[in-house]
Amino acid sequence: MLEELLIFTRGGLILWSSCRALGAAALKGSPIDALIRSCLLEERSADASFSQDNYALKWTFHNDLGLVFVAVYQKILHLLYVDDLLAAIRKEFSQIYDPKRTNYDDFTDIFRQLHLEAEARAEEMKKSKQAISSRPLPAVSHKTGQKARGAAAGGAVKKGALGKDDSDGDSSGKEQHAFTNGTFKGQENAAPKDTSRARPVVVKGKENGGPKDNGAFDVTKLQRLRKNDRKNTGADNATKKLTKPDTKKKGKQDRVWDDKPSNKKLDFTDPADERGDEVTEHVPLNQGESMMDKDDNLSSDSEDEEVEDGPKKKGWFSSMFQSIAGNNVLEKSDLQPALKALKDRLMTKNVAEEIAEKLCESVAASLEGKKLGSFTRISSTVQTAMEEALLRILTPRRSIDILRDVHAAKERGRPYVIVFVGVNGVGKSTNLAKVAYWLLQHNLSVTLAACDTFRSGAVEQLRTHARRLQIPIFEKGYEKDPAVVAREAIQEAGRNKSDVVLVDTAGRMQDNEPLMRALSKLINLNSPDLVLFVGEALVGNDAVDQLTKFNQKLADLSAVPTARLIDGILLTKFDTIDDKVGAALSMVYISGAPVMFVGCGQSYTDLKKLNVKSIVKTLLK
């Protein structure tokens, strides 16, 4: 049973609803709102269906008119006529649609008729399938089965080692067919042939007499080829030795980063006296303004390069006339060449293949049926639609102003808690120190919580950062429960009136269930304000797997019904990837969480905001 059919514009104006027109009960919850948030706004409109609570939803578009048609039904029913009904309603409603009109009560009777016709067609199709499946299969006779098996055996013999028999002239040029008992035609009643006259072939002490063996090979020829190969290899090596230039080994040079002095001191270890004891006096640390507070003035103007439409099949005059006319209705086949080129381009920028495929399908669904404007190429239309889609995905849909949230928590008399999670070796502790430095620049007091009680040296590493930044650190050593350590650190920060608590956790692979269970316990026990996933900008398809499984594990292992998942992303090593910025898109698309920080260097100031327009420009460049 169809629960509701809704027709609305892309701007959100509801034109017609079956519940309102037929007086049916309203849907429980908000499945259509969930569809808009999770699919239509997330560029997942190419998916076949969407499920929310007990409902399944299917939809279609009329891109030229900007209309959306959504059907809602119970998930357990598996209605077969929904796609057919949506296509029929799309066709009928587009004929009576007027942008100036808002009342379509006369469409109710048309909907009833279309609904009945779709149900009747589905019932007829179901009966025809049942009739076909109920027909008895044709009986296979015993002789037919023997012939089939004999033909199969004969084919096997032909493809096997036996071919023509060179030992006897009587059998030359005749095919030999095998029966199921292994004998040959013409030989089942005959006496064995005398093979004494057969001429044996001797190759290096081996006799190959009788039937010709297709699997045999000439050993002498093989040895001759090997000798020639050795001679060629020796000649190549001699040539390489003669042409090898004399190169002197250069000493290792310090790496110079962009806009950085080459002689900058990076050794932050504490000096020691003659007895070997560390000198612990603090030196005021000021490395300048953090990049988080600097604006990047990069535009998202489209590049001069455009996606090729594929091989041109028409002359320049017909193409120009077609562009001037501007009446071409875009079909999926017209979009495929440009979309394939865009997909390949996204994949070269390190976007996961699955994400690139879904994005292209979504863009195709949004353009199919639209009329091509005058003087407009298909490639530029596709590129513009993809640029708009990427901007929608990467632009945060909620506030990511951490400073405002910190001050709001401060007014409530409690510290603001941020937990850093991620896989091994991505730079959680280093970028935690960068975030601490940025918060200190805004006159906020920070406490570090050393909850990585698993990795050797993790507490000492965080202690060094705390000493350099001159901020307190709460630690309990190793082999302690990190959830308990985090809770005690938050309590201690509350007593000391700290504004922010930064919780460092152990790196863990997404498949390590004991460590993922410990992380879930830490998050559920302490209810942090922000859970940041720290990931490398170098990864491609791994980003999808990491974030998907992290969120899945946190949801599965949560002790409360509403599981706490990842809230934001911190991308590290962004200065090492050149234009391979696709990991940012893959992570945001798969998790829905915004990129809140970008690590771009080795100093405390090397932390930036994600410039969405710059990323989109780079992806489509």
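Every number here is computed from the coordinates shown, using simple stated rules; none is lab data. As the structure is a prediction and not an experimental result, all values here were calculated from the model. Ideal geometry is used to build each Cβ from the backbone, glycine not excepted, and the neighbour counts take in all protein chains shown.
Among the listed pairs K58/K127; K343/K617; K410/K480, which are separated by more than 26 Å between their Cα atoms?
The pairs that break the limit, which is 26 Å between Cα atoms, are K410/K480.
Can you list the residues, at least 5 places off or on another chain, whose amide H is less than 5 Å from the amide H of Y416, using H built in the peptide plane?
V500, V501
Near L547, within a Cβ-to-Cβ distance under 14 Å, what is the net charge of the other residues, with Lys and Arg +1 and Asp and Glu -1?
Combined, the nearby Lys, Arg, Asp and Glu give -3.
Taking all pairs of different Cα atoms in region 402-614, averaging 1/r and flipping that mean, what Kirkwood radius in angstroms comes out?
The Cα-based Kirkwood calculation yields 17.2 Å.
What nm distance separates the two modelled labels at K609 and L13, each placed 7 Å from Cα along Cα→Cβ?
Spacing of the two 7 Å Cα→Cβ label points: 3.5 nm.
Got a sec? Charge dipole of region 2-122, +1 on Cβ for Lys and Arg, -1 for Asp and Glu; which of L85, A56, A26 is way out at the positive end?
Working it through, the farthest residue towards the positive pole turns out to be A26.
Defining a contact as two alpha carbons under 8 Å apart and six or more residues distant in sequence, what relative contact order in percent does region 2-122 show?
About 26 percent, as a whole number.
What is the gain in length, in nm to one decimal, between D481 and D511 on full extension, counting 0.36 nm per residue of separation less the C-alpha to C-alpha distance?
8.8 nm
Given Cα pairs under 8 Å that are at least 6 residues apart, what percent is the relative contact order of region 1-60?
Reported as a whole number, the value is 20 percent.
What FRET efficiency comes out for N524 versus K580 if R0 is 35 angstrom and r is the Cβ-Cβ distance? Round to the nearest 0.05.
0.45
Filter K91/K332; K358/K609; K340/K580; K580/K613; K358/K621; K358/K580 down to the pairs with a C-alpha to C-alpha distance above 24 Å, please.
Too far apart for the 24 Å limit: K358/K609.
Rounded to the nearest 0.05, what FRET efficiency do N103 and D64 have when you use their Cβ-Cβ distance and R0 = 22 Å?
0.50
Quick check for me: using +1 on Lys/Arg Cβ and -1 on Asp/Glu Cβ, what's the dipole size of region 2-122 about its Cα centre, in debye to the nearest 20?
160 debye
Between A120 and K371, what is the FRET efficiency for a Förster distance of 35 Å, r being their Cβ-Cβ separation, to the nearest 0.05?
0.55
Which order do peptides 436-446, 110-120, 356-366 fall in by mean Cβ count within 10 Å, highest first?
Output ranking for 436-446, 110-120, 356-366: 356-366, 436-446, 110-120.
Taking the highest mean first, how do the peptides 31-37, 91-97 order by number of other beta carbon atoms within 10 angstrom per residue?
31-37, 91-97
Compute the distribution of all C-alpha to C-alpha distances in region 2-122, in bins of 10 Å from 0, and list the percent of pairs in each, rounded to whole numbers.
All Cα pairs considered, the percentages come to 12, 48, 36, 4.
Debye calculation, C-alpha points only, no solvent: report log10 I(q)/I(0) for region 336-480 at q = 0.18, 0.20 Å⁻¹, in the same order as the q values.
-1.01, -1.16
Could you state the orientation-averaged shadow area of the convex hull built on the Cα atoms of region 62-110, in nm² to one decimal?
Average projection, Cα convex hull of region 62-110: 4.2 nm².
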